[in-house]
1. Restricting to the stretch 38-58, name every residue that is over 17 Å from residue 24 (Cβ atoms) and in contact (Cβ under 8 Å) with a residue 24 or more places away in the chain.
2. State which residue is nearest to residue 67 (Cα to Cα) when the search covers only the stretch 1-33 and only residues that are assigned to a loop (DSSP other than H, G, I, E, B) and at pLDDT 85 or above.
3. List, please: which pairs have Cβ atoms under 6 Å, are six or more places apart or on different chains, and start with a residue in the stretch 1-27 that is within 11 Å of residue 50 (Cβ to Cβ) and end with one that is modelled with pLDDT of 90 or more and surrounded by 15 or more Cβ atoms within 10 Å (Cβ to Cβ)?
4. Just the residues that are part of a loop (DSSP other than H, G, I, E, B) and either touching a helix residue (DSSP H, G or I) at 6+ places or on another chain (Cβ under 6 Å) or exposed (fewer than 10 other Cβ atoms within 10 Å of the Cβ) (or both), please, taken from the stretch 58-69.
5. Go over the candidates 55, 36 one by one and state the one that is assigned to a helix (DSSP H, G or I) and under 21 Å from residue 69 (Cβ atoms).
């Protein structure tokens, strides 16, 4: 069952996402990498509000299901 996201770009909240990753640039990089993995491996994630892979990736980051290490 897919729950349709009716909030558009307001979900997930950028403020809450920036609590997980401290930079918008790092957040975009991380979301694109996770979305690429979802697309390339044809992974489906159940129970997400977002339909598109980037939105699902952002939800996964927000929920703490993605472990990302950035080099300094």
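The values are calculated or read from the model by the stated rules, or taken from the named source; none is laboratory data. Since the structure is predicted, the reported quantities are computational estimates derived from the model, not experimental observations. Cβ: placed from backbone, ideal geometry, glycine included. Neighbour counts: every protein chain shown.
1. To start, the set of residues in the stretch 38-58 that are over 17 Å from residue 24 (Cβ atoms) comprises 38-53, 56.
Result: 46, 47, 48, 49, 50, 51.
2. This residue is 21.
3. Pairs that qualify, where the first residue is within 11 Å of residue 50 (Cβ to Cβ) and the partner is modelled with pLDDT of 90 or more and surrounded by 15 or more Cβ atoms within 10 Å (Cβ to Cβ), are 12/58; 12/59; 12/62.
4. 64, 66, 67, 68, 69
5. Exactly one of 55, 36 is assigned to a helix (DSSP H, G or I) and under 21 Å from residue 69 (Cβ atoms), namely 36.
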